[in-house]
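Below is one structure; the comments refer to it alone.
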Amino acid sequence: MNVRAARGAIVAPDDTAERVLGATGKLLGALLERNGIEHDDLISILFTVTDDLRSAFPAEAARQMGMGDVPLLCAREIPVDGAMPSVIRVLAHFHTERGLREVVHVYLDGAEKLRDDIDAAS
């Protein structure tokens, strides 16, 4: 069994708790599904948001999905001039049989533009 990490990001349509939590849930669900991650495989999940998102903690979406017993942490992204706004990012650590290059990183709803090295269909 290996310890791996999967990254992902999504653009929140606007800064309301409903939209931030909905976008986070969509991203986290896709990341877990595409990597075949079960609840007991999870080690920890780190969420970051850009400075313009202030209505909710993304970790709340994970708790609503039944992950309250998984270590969760939220933080702010570094406010770099010209950076894409309204972005929620996730870094999930988990146990898996997958090799390093088999981990699927997930970028949705406009966040695909953040990574030119990852296939947008992933």
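The values are calculated or read from the model by the stated rules, or taken from the named source; none is laboratory data. A quick note: this is a predicted structure, and the numbers were derived from the prediction, not measured. With ideal geometry, Cβ positions are generated from the backbone for all residues, glycine too; neighbour counts draw on all protein chains shown. When the accessible area is computed, the model is the full protein with side chains, heavy atoms only, and any ligands, DNA or RNA have been set aside. Shrake-Rupley method; radii C 1.70, N 1.55, O 1.52, S 1.80 Å.
Based on what the data block shows, is PHE57 closer than 17 Å to ARG19 by Cβ, in contact with a Pro (Cβ under 7 Å, 6 or more places away or on another chain) and either at pLDDT 95 or above or among the basic types (Lys, Arg) (or both)? No. Taken over segment 1-21, the criterion of being touching a Ser or Thr at 6+ places or on another chain (Cβ under 6 Å), crowded, with 20+ Cβ neighbours inside 10 Å and part of a helix (DSSP H, G or I) is satisfied by VAL20 alone. Scan segment 90-103 residue by residue and report those that are of a type in the set (Val, Ile, Thr) and within 21 Å of VAL49 (Cα to Cα). Scanning segment 90-103 gives a single hit, VAL90. Does segment 75-89 contain at least one residue that is modelled with pLDDT of 95 or more and farther than 19 Å from ARG115 by Cβ? Yes, the conditions are met somewhere in segment 75-89. Residues in segment 99-113 that are open to solvent by 50 Å² or more (accessible area, probe 1.4 Å), in contact (Cβ under 8 Å) with a residue 40 or more places away in the chain and over 23 Å from HIS39 (Cβ atoms): ASP109 alone.
Restricting segment 67-98 to residues that are closer than 19 Å to GLU33 by Cβ and over 15 Å from the mean Cα position of the chain (by Cα), the residue that is least open to solvent (accessible area, probe 1.4 Å) is THR96.
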